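Notes follow once the structure below has been shown.
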Amino acid sequence: MPAARSVWAQVAARHGLAEADPDRLAPGGFGDFIFHVETDAIFDVTRARQAGFSGMHRRSDAVLIAHLDAMRARRLIP
């Protein structure tokens, strides 16, 4: 993210973030890997739950929010 490097440095300074270098947070190669998929990865677990697999307790949005809260607590994101 060379184009956004200076913007992230400003955001990091303004919010007192732990890391001002975006490449140390998420190397560019990771984004290239994770977003370059040949097929969509969309899953619906409704049928699995109907078949008795009810061990999933947390909703995906709750998991995402928990991860964002953890990153905020570590001062990785504002």
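Listing for the model above:
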item: Cα coordinate range in the stretch 1-43, projected on the principal axes (Å, largest first); result: 38, 22, 14
item: Two-site FRET efficiency, Phe33 against Ser54, from Cβ-Cβ distance with R₀ of 30 Å, rounded to 0.05; result: 0.35
item: Linear extension gain, Thr46 paired with Leu64, 0.36 nm per residue minus alpha-carbon span; result: 4.5 nm
item: Bins of 5 Å from zero: percent of alpha-carbon pairs in the chain; result: 3, 12, 14, 16, 17, 14, 10, 7, 5, 2, 0
item: Loop-located trypsin sites (Lys or Arg not before Pro) in the stretch 1-45, at most 14 other Cβ atoms within 10 Å (DSSP); result: none
item: For the chain: relative contact order, % (alpha-carbon pairs under 8 angstrom, 6 or more apart); result: 39
item: Length added when fully stretched, Val11-Ala26, from 0.36 nm per residue minus Cα-Cα; result: 3.8 nm
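None of the figures in this text is laboratory data; all of them are computed from the coordinates on show. What you see is a predicted model; the values in this text were computed from it and never measured. FYI the Cβ positions are ideal-geometry reconstructions off the backbone, even for glycines, and counts take in every protein chain you see.
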